[in-house]
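Down below is the structure, laid out as structure tokens.
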Amino acid sequence: MAEARLENFGSGLSPVSGGWFVVNVRDAEWFSSGTRGAACWFESEYGDPPVEFAQLGINITVLEPGQSTLYHAESNQEAFLVLAGECSLLVEGEERELRPWDFFHSAPWTEHAFVGAGDGPCAILMAGARLGPEVRYPVSELAARYGASVAKETSDPEQAYATAERFRRERPPSWSRLPWAGARTGGCLCGAVRYSVRGDPLHVRRCHCANCRKESGSAFTVFAHWPVDAFELSGELLSYDGRGFCPRCGSRILDTAGSDDTVVEIRIGSLDDAPFELEPEDETWVKRRESWIPAVDGATQHDEGDEAR
């Protein structure tokens, strides 16, 4: 058996030929929608031509609070394992709360749907046999409360999803909070302050302004922005004009975030592992850049920054 060929069409890798393959969830193709959540199907249902698994369907679905799957029953056995977060299982007219590592066995023709719950994304591993195409979408008063029921019973998937939002090739917006996003760790020189950040940064920048030179003692500084909810800190920081540093060794680590801030700015030199593989997307205050420092290849160049420094 030959190894399948994988290609990236904008939101991760998917197979474009038959055969075996290995892919990490964080590198695989993802589809997202505002109401139906996001999914990584591993196969390529929307490929040209499609590459689908003949005997077993498997995916990871991510539901934000309030997002749902469609209440249905099918002739195939299915199995579901909650990997992270919380969700409500709607099953045979009942509602059950599920948390990480809860397992749901769905025997053939079990009516069910999932609704995201809690205060963050819920990740569910879903698997099902593909022995037959029979499916039923019943009307459910319980599911209708969550927008998860059809208005009229049908066995036609096209009719059931006729008004549903279509999926787009993109990662879910909560990507940095998901367990496979990966974490980077960092801290100060003496070890009194430690932090971790999950997922990829929103933006990476190199700055040559006078303030960045003075605070770092170097000719420039490089920093990255992460979502605040992807960041965890241990230890105490002191701050000067919003610039956070270790009170013991003086290491410059991050710009302290206010209660209304959605991002945290971290000096990537404080990360533990190098190289970081985090390349600046732009440079600011390049009019102050030393002549012996080349521009970052491909980075947008700004003569100044947001304000004079």
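The values are calculated or read from the model by the stated rules, or taken from the named source; none is laboratory data. Here the structure is a predicted model, which means the values were calculated and not measured. Positions of Cβ are backbone-derived with ideal geometry, glycine not excepted, and every protein chain shown enters the neighbour counts.
Computed values, structure above
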read-out	value
Qualifying position, being part of a loop (DSSP other than H, G, I, E, B) and surrounded by 15 or more Cβ atoms within 10 Å (Cβ to Cβ), among ARG171, ARG205, ARG166	ARG171
Filter pass, GLY12 being within 14 Å of ARG171 (Cα to Cα) and touching a Phe, Trp or Tyr at 6+ places or on another chain (Cβ under 7 Å)	yes
Residue tally, condition charged (D, E, K, R), closer than 19 Å to GLY298 by Cβ and over 21 Å from the mean Cα position of the chain (by Cα), over segment 182-228	2
Breaking point among (1) assigned by TED's automatic domain parsing to the domain that holds SER251; (2) surrounded by 14 or more Cβ atoms within 10 Å (Cβ to Cβ), for VAL150	(1)
Tally of residues being in a strand (DSSP E or B), under 23 Å from the mean Cα position of the chain (by Cα) and not β-branched (Val, Ile, Thr) across segment 104-131	9
Near pairs, Cβ below 9 angstrom, 6+ apart or cross-chain, from segment 104-116 (in contact (Cβ under 8 Å) with a residue 24 or more places away in the chain and surrounded by 15 or more Cβ atoms within 10 Å (Cβ to Cβ)) to any residue that is aromatic (Phe, Trp, Tyr) and assigned to a loop (DSSP other than H, G, I, E, B)	GLU111/TYR71; HIS112/TYR71; ALA113/TYR71; ALA113/TYR146; VAL115/TYR146
Residue in segment 130-146 that is of a type in the set (Asp, Glu), surrounded by fewer than 19 Cβ atoms within 10 Å (Cβ to Cβ) and in contact with a strand residue (DSSP E or B) (Cβ under 6 Å, 6 or more places away or on another chain) present	no
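Residue-wise test of (1) touching a Cys at 6+ places or on another chain (Cβ under 9 Å); (2) β-branched (Val, Ile, Thr); (3) more than 19 Å from PRO157 (Cα to Cα).
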site: GLU7; (1), (2), (3): no, no, yes
site: SER11; (1), (2), (3): no, no, yes
site: TRP30; (1), (2), (3): yes, no, yes
site: GLU43; (1), (2), (3): no, no, yes
site: TYR46; (1), (2), (3): no, no, no
site: ASN59; (1), (2), (3): yes, no, no
site: GLY66; (1), (2), (3): no, no, yes
site: GLU74; (1), (2), (3): no, no, no
